[in-house]
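The structure under discussion appears below in the form of structure tokens.
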Amino acid sequence: MEQKYSSEEIHDLLYSHGKFDCRLSRNKIENIMANSYEHFSLLCLALKTLGEERDFELLEKFINDSDHRKRYIALDYVLYFEKGKEKYAHLVNERLKSNDIFTLTGALSLVKKHKLMQNNNRILEVYELHIGKVIHCGCVCPLRYIHDFESNYERIIALYRRAPKSTKECFSKLLTDLADYSRFDELFSVFANDAYHKVRISAVKLAIKHNRFELLEPFITEKDGHIRKLALKYHKSV
């Protein structure tokens, strides 16, 4: 009968005096992972930390596990290995084809975490379908990894206009970082006139990024202190 371990026991077998010090054999790790979900994530982390080929191969065994939770976690840790990205990034793309919102948000999280460049527009399609529902601020980052950001600019600015208040801040950061200078006038106007101060500060950052310091003067009397301080700092340096 497989020995049962408490979370404290597993932790003590993996760490000593706050440092990683695995005292479990790979066979023991595999048996625990196969027979329980309770310690699965922590043991995946241990295998990733050990980082050898045999650890990668052990993680691979759970890519097609019958437990969907184990499949997701195993895929997450496999993708930390370069070999894993080469072999299994396509599984993230498969998840992005789902109509299940939890599967989609999980896939978006993997794109963001592992910086998985996408060569199609499926992420944009996901956002266009779900922007007003559960796509939240933390999930905007995957748009950084779509193929040819500039050619999709019009779709992304349209998403910005539809986005809920908190998510507009993240879109403004994304557009500030990645949009071509040819979009400057439109974006500066859009951000500067937004009612939300966390979007208006993107107008200041956009002007600073492109050395358009002459546009900062209206912001030195901004009611928001962060915007005012940032604008004043660069306006004085002209």
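The values are calculated or read from the model by the stated rules, or taken from the named source; none is laboratory data. All values derive from a computational prediction rather than experimental measurement. Cβ placement follows ideal geometry from the backbone for every residue including glycine, while neighbour counts extend to all protein chains displayed.
Identify the residue in the stretch 18-49 that is among the charged types (D, E, K, R) and either loosely packed, with under 11 Cβ neighbours inside 10 Å or closer than 21 Å to Tyr80 by Cβ (or both) and, among all such residues, is farthest from the chain's Cα centre (by Cα).
Within the stretch 18-49, the match that is farthest from the chain's Cα centre (by Cα) is Arg23.
Among the numbered criteria (1) crowded, with 19+ Cβ neighbours inside 10 Å; (2) closer than 17 Å to Tyr145 by Cα; (3) over 15 Å from the mean Cα position of the chain (by Cα), which one does Leu96 miss?
(3)
Report yes if some residue within the stretch 145-153 is aromatic (Phe, Trp, Tyr) and closer than 16 Å to Leu104 by Cβ; otherwise report no. Give the derivation first.
Within the stretch 145-153, the subset aromatic (Phe, Trp, Tyr) is 145, 149, 153.
Pick out the ones that are also closer than 16 Å to Leu104 by Cβ and you get 145.
Yes, because at least one residue in the stretch 145-153 is aromatic (Phe, Trp, Tyr) and closer than 16 Å to Leu104 by Cβ.
Sort out which residues of the stretch 57-93 are outside any helix (DSSP H, G or I), within 19 Å of the chain's Cα centre (by Cα) and closer than 22 Å to Leu104 by Cβ, and write them in order of number.
Within the stretch 57-93, Leu79, Tyr80 qualify.
So which of Ser109, Ser98 is within 20 Å of Asp76 (Cβ to Cβ), modelled with pLDDT under 95 and not in a helix (DSSP H, G or I)?
Ser98
Could you say which residue among Glu94, Glu57, Glu8 is farther than 28 Å from Pro142 by Cα and without any contact (Cβ under 8 Å) to a residue 12 or more places away in the chain?
The unique qualifying residue is Glu8.
Give Tyr15, Tyr72, Tyr77 a once-over and let me know the one that is surrounded by fewer than 16 Cβ atoms within 10 Å (Cβ to Cβ), among the aromatic types (Phe, Trp, Tyr) and at pLDDT 95 or above.
Criteria check complete, one pass: Tyr15.
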